1. How much length is gained on full extension from B:R164 to B:Q110, taking 0.36 nm per residue of separation minus their Cα-Cα distance?
2. What is the average number of partner chain Cβ atoms found within 10 Å of a Cβ in B:126-137?
3. Once the Cβ-Cβ distance between A:V252 and B:T143 is put in as r, and R0 is 30 Å, what FRET efficiency do you end up with, to the nearest 0.05?
4. Please give every one of the lysines within straight-line cross-link reach of B:K44, meaning a C-alpha to C-alpha distance under 25 Å, and leave out same-chain neighbours fewer than 8 residues apart.
5. What FRET efficiency would be calculated for the residue pair B:S66, B:T187, taking the C-beta separation as r and a Förster radius of 25 Å, to the nearest 0.05?
6. If you count, for every residue in A:39-49, the Cβ atoms of partner chains within 10 Å of its Cβ, what is the mean?
7. Just to verify a number: FRET efficiency for B:Q240 and B:R57, C-beta to C-beta distance, R0 = 45 Å, to 0.05?
8. Applying a 10 Å radius around every beta-carbon, put A:186-192, A:215-221 in order of their mean neighbour count, most first.
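Quick note: the coordinates plus some simple rules give every number you see, no bench work behind them. From a predicted model like this one, the values you see are computed outputs, not experimental measurements. Here the Cβ positions follow ideal geometry from the backbone for every residue, glycine too, while neighbour counts run over all protein chains shown.
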2 protein chains.
Amino acid sequence: MCELLGMSANVPTDITFSFAGLMRRGGQTGPHADGWGIAFYEDKGCRAFHDPRPAARSEVAQFVRSHPIKSNIVICHIRRANRGRIALENTHPFQRELWGRPWSFAHNGQLKGVKRWRLGAYCPIGSTDSEHAFCWLMEQLRTRFPTAPSDRELAGAVAALAGRLSALGVFNMLLSDGRSLFCHCATRLAWLTRRAPFGPATLVDEDLTVNFEQETTPRDVVTVVATRPLTRDEAWTVMQPGELVVFRHGEVAKQPMGRATRRAPRRAASAVMEGKAA
Amino acid sequence: MCELLGMSANVPTDITFSFAGLMRRGGQTGPHADGWGIAFYEDKGCRAFHDPRPAARSEVAQFVRSHPIKSNIVICHIRRANRGRIALENTHPFQRELWGRPWSFAHNGQLKGVKRWRLGAYCPIGSTDSEHAFCWLMEQLRTRFPTAPSDRELAGAVAALAGRLSALGVFNMLLSDGRSLFCHCATRLAWLTRRAPFGPATLVDEDLTVNFEQETTPRDVVTVVATRPLTRDEAWTVMQPGELVVFRHGEVAKQPMGRATRRAPRRAASAVMEGKAA
């Protein structure tokens, strides 16, 4: 299984602390040694770093870790290949443009038969089922909305499409258009919002503690989303299978109307407080 | 005026030597201090690094310079903003996917009125005339060729489209689909093919010499394309206004039939040998 990491913030924020923990799982504390990638949204633009080398030994990862890039939305993925060889073109997050917005997509799971689903304007560059699913999703949105819909309409459509993809297998997904961070949970995804009063946080995967009070202003709101909780001393919310949560400016956005979002999130603070992934 | 740098090679090759020279022009030996970007093609994939900061002071540029990424095609651009503010979304090379290929585009010049040209499936993310021109070009190719044409047909189409864009102003361009490197000269573009027997080369912009004999094998063929020659002791070919040259595997590809390519390239070795840009 791959590992996902996302961030949504109301001010440009760096993700080096969470990234440090995740990168350890890329071939060191975890088996996800088949490449990694990260997309940073900065205002209207988006830049990504991809490396088909194991994250734990990647020089690009070292660079990203030691040079904080401040961003409002981040999507990061470390890969354990199951479909598609280890290669740059198969390294998430995948990116496409729609309505003049740079979209990024990272997926963990398998989607049996998705490659038989018909595509339109977007074609995969690599050979993963994930990129095929992303191209299909983009085409569905493009066909349904020739111009950009409201954020709320869009969230509903993404929820419905994520539900259809989920029917093919396991679909844990992070998706962004630079405005919203769409998080779909099939089996494993958890999130945590940090806001004042800030306190210390300690990584599960590395002996590293940060006191966010020294790193933030009282108005900062930052949500981190991850396959498994990254810190041992904070209360993560574990998502339900089939649930889509949308974050905007660091906060949970008003829930869309889509089928996949009916269930309420469940708090699992106690398990997480002990440093166990739920 | 912005500066362009491209590479086409028959084996994965790093571009750190030429990159070192170009980056000095980004705010140090040149005025191109409004960001820079580089796209590396590796097999079917493509990864890019973008930074809206001046190249000469960019930590990302330092990283790219000191960590050789081996690639068959490279497109690099350092920017002097004239249309569109200094921002990540306005930083070349721009990227889109067509026929399952990752396309990259970098432009220097202005194209008056191009923003009135109608677009289709591809929309600009930023506000430059360059990205608008790229989106238009991609749409024209997509409409004309629903599936990928032959390399030769494609080169002819790109030449014709480059000719139409040129009519609006200055259109020096590097473009790639990961197979070919398309180079269009409006005012300034020069290229150089290195092959055995290799010799030493000295940068114009920095006191740096490389002996390629030690860096290469006898079968390597590497072409470098740049706005102005980057070395003082090699024989660069200066392109003609209106000319399109296509490189594949480091060599000049058979010329397309397009209108923009009728004139033969002119050798300007002597001027270049003295270290002067033609």
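1. Extending this stretch completely gives an extra 18.1 nm.
2. 1
3. Working: r = 42 Å, r/R0 = 1.39.
For R0 = 30 Å, the calculated efficiency reads 0.10.
4. Cross-link targets: A:K112, A:K115, B:K70, B:K254.
5. Values: r = 33 Å, r/R0 = 1.31.
So the FRET efficiency works out to roughly 0.15.
6. 5
7. Values: r = 35 Å, r/R0 = 0.78.
That gives a FRET efficiency of 0.80.
8. Ranking, from highest mean packing down: A:186-192, A:215-221.
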